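Here the structure comes first, spelled out in structure tokens, and everything after it is commentary.
The values are calculated or read from the model by the stated rules, or taken from the named source; none is laboratory data. This is a predicted model, so every value here is computed, not measured. Cβ placement follows ideal geometry from the backbone for every residue including glycine, while neighbour counts extend to all protein chains displayed.
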């Protein structure tokens, strides 16, 4: 009778042991699991966005594993572990610390949705040298010299700088008149702050727009009456509604309707994927959502019809959002990096992400069609998307190459 420990001393003997047990070396490799993480709000006012992120991540893991897993690791399968960021930056940071402590063999993570959370989480992941992919918008995320944070979205400042003149041109083309006044209603979280900053610092003035309402609130919003009263009194040509949570979106949209500004009477432009969440259709209604536009880093567009249909069948959701689509793409970036690194090691994966330059694979899931990261961690050539609620569904209307329908500029009445 052989001594198992003696046999395991030689590499060739390892194969013999595997044969005795009926398990070949390839099967051992295929049994290997590579852990990736997702940290996002799964409780509190932003929980729905975390849920949508998880749906996209789960689907990507399923697709990667079904297509043979990580081939460079002998077909190793991906496993997605989720961590709740809760409802505050402090809780998000605690969740990141928990994630690092409990799962030291994570190779990469995606998160944390709200920019304020991502700023806190990335401090933890950076110290751990764990690569973090994020769709969060704040310019600060990639302005701190971090080496392991990768921002797939155009920053809030970039979106505002480029999107505002686009919207002005869109309005002038539709109405024959250039808008002259704008109102800003926003919460004080990091993404809206980044988005509004360049507009307040000369961007609006440069476009000939006068800021007639500038209201900032701390979420959650208890009552929108006084805010919308100011909007009604000022009668702006455009309202930039920069909230970040669905309950606040609901309050603002309902109050706009109550004061006679809803149902397409006032052009409403939002920022972020929450405004395209399916539950807004249920809680606010098709009529009040009609015509509302929103600027996002990603939204289903031409060429992604099959993945969207698969997502709908898998989840029962009526459409795919930025949250799901970006997280889906993040997992494919991790897969690409693991293939290049050839080992399940977070530092090696981080280095491999920095080397990626592709218009294929994961690039198919991000606007601009290219995945390449600059030295500061921002995705090179990241562009924004404008989606609009049309007939009860948010549809990509800009840029033209991605658009599924033409935009309809709301014609203000009254």
Entirely in the range 1-106, the helices (runs of 4 or more DSSP H) that have 1 or more residues that are in contact with a helix residue (DSSP H, G or I) (Cβ under 7 Å, 6 or more places away or on another chain) and modelled with pLDDT under 95: 4-7, 11-21, 25-31, 47-66
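Between 190, 174, which is assigned by TED's automatic domain parsing to the domain that holds residue 266, touching a residue at least 12 places away in the same chain (Cβ under 8 Å) and more than 25 Å from residue 248 (Cβ to Cβ)?
Values: 190 fails: more than 25 Å from residue 248 (Cβ to Cβ).
Testing whether each residue is assigned by TED's automatic domain parsing to the domain that holds residue 266, touching a residue at least 12 places away in the same chain (Cβ under 8 Å) and more than 25 Å from residue 248 (Cβ to Cβ) leaves just 174.
For residue 174, state whether it is over 26 Å from the mean Cα position of the chain (by Cα) and modelled with pLDDT under 90. Give the derivation first.
Details: over 26 Å from the mean Cα position of the chain (by Cα): yes; modelled with pLDDT under 90: yes.
Criteria met by residue 174.
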The range 148-162 - residue that is surrounded by fewer than 24 Cβ atoms within 10 Å (Cβ to Cβ) and out of contact with any helix residue (DSSP H, G or I) (no Cβ under 7 Å at 6 or more places or on another chain) and, of those, farthest from residue 327 (Cα to Cα): 162
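When you scan the range 181-192, how many residues do you find that are touching a strand residue (DSSP E or B) at 6+ places or on another chain (Cβ under 8 Å), under 19 Å from residue 115 (Cβ atoms) and modelled with pLDDT of 90 or more? Steps first, answer last, please.
At the first step, the residues of the range 181-192 found to be touching a strand residue (DSSP E or B) at 6+ places or on another chain (Cβ under 8 Å) are 181-188, 191-192.
Going one step further and asking which of them are under 19 Å from residue 115 (Cβ atoms), we end up with 184-188, 191-192.
Now restrict to residues that are modelled with pLDDT of 90 or more: 184-188, 192.
Counting residues in the range 181-192 that are touching a strand residue (DSSP E or B) at 6+ places or on another chain (Cβ under 8 Å), under 19 Å from residue 115 (Cβ atoms) and modelled with pLDDT of 90 or more gives 6.
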Matching residues in the range 90-134 - criterion: being touching a residue at least 60 places away in the same chain (Cβ under 8 Å) and over 18 Å from the mean Cα position of the chain (by Cα): 99, 103, 105, 106, 107, 128, 129, 130
Wholly enclosed helices (runs of 4 or more DSSP H) of the range 199-317 bearing at least 3 residues modelled with pLDDT of 95 or more, assigned by TED's automatic domain parsing to the domain that holds residue 115 and within 20 Å of the chain's Cα centre (by Cα): 305-315
